[in-house]
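The values are calculated or read from the model by the stated rules, or taken from the named source; none is laboratory data. Only a predicted model underlies this, so the values are computations on that prediction, with no experimental measurement involved. Neighbour counts run over all protein chains shown; Cβ positions are idealised from the backbone, glycine included. Heavy atoms of the whole protein, side chains included, go into the accessibility calculation; ligands, DNA and RNA do not. Shrake-Rupley method; radii C 1.70, N 1.55, O 1.52, S 1.80 Å.
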Amino acid sequence: RRIEAGDAIIVSHSIAHHGMTIMMEREGLKFQSSIESDSRPLHKPIQALIEQFGADIKLLRDPTRGGVATVLNEIAQQAKLGVELENAAIPVDEVVSSACEILGLDPLYVANEGVFIAIVSPQIADEVVQVLHGFEGCESASNIGITTKDHPKKVLLQSGIGGRRVVNMLAGEQLPRIC
């Protein structure tokens, strides 16, 4: 109910580490660079945001099951607003991106454990990202998009070359159940 058109969408760190760590172990895959789970406590950065920004923090959610895409679809549907994401702003480490590509997975749908999504008032978005950068495990925090009155209940992703695609709700489970 508190989310409004124009609010910023912040992700606290690079996405898809946890799910890809589990999948790599299950499949016995190895890379030169290892992928480690992003599982970590989040209470300190979350407490700092609430204390510093109060009511301008509209929503905090963990993108565990179904990943970032599923959580943002749920938010869009419940808030009856659209979501516009900027692909280039979504932090995905290169080794995670490569592993997802090899396995045919979209990192937006991969589980996260030590990551949260914050919907915040637009005027504090840059400051929220800066505050998060000061916490271990939030060094890759990024403003990845906005909520909008356009295309209610849908999530759209702007590509690096100017195209847009709909990011649907995950149908079924992309990975076997992790937890």
Of HIS133, HIS43, which has the most accessible area and how do the rest follow, probe 1.4 Å? HIS43, HIS133
Tell me the mean residue ellipticity at 222 nm calculated for the chain from its helices only (DSSP H runs of n ≥ 4, each -39500 (n - 2.57), averaged over every residue, nearest 500). -9000 deg cm²/dmol
Spin-label zone in the range 41-82 - amide nitrogen under 19 Å from a point set 7 Å from the Cα of MET169 along the C-beta vector: 61-82
Lysine pairs with alpha-carbon atoms under 20 Å apart, the chain, spacing 8 or more or separate chains: 8
What FRET efficiency do you get for SER97 and ARG1 if R0 is 25 Å and r is their Cβ-Cβ distance, rounded to the nearest 0.05? 0.10
Given 5 Å bins starting at zero, what is the percent of C-alpha pairs of the range 28-101 in each, up to the one with the largest pair distance? 3, 10, 15, 19, 22, 16, 9, 4, 2, 0
Return the whole-Å distance between the Cα centroid of the range 77-111 and the Cα centroid of the range 1-75. 11 Å
Where a ≥ b ≥ c are root eigenvalues of the Cα gyration tensor, a/c under 1.5 meaning rounded, otherwise prolate if a/b exceeds b/c and oblate otherwise, the chain counts as oblate
From the phi angles alone, apply the Karplus equation (6.51, -1.76, 1.60; θ = phi - 60°) to the range 125-130 and give each ³J(HN,Hα) in whole Hz, x where the residue is Gly or Pro. 4, 5, 5, 4, 4, 4
Which length gain, in nm to one decimal place, applies between ASP62 and HIS151 when the Cα-Cα distance is subtracted from 0.36 nm times their residue separation? 29.6 nm
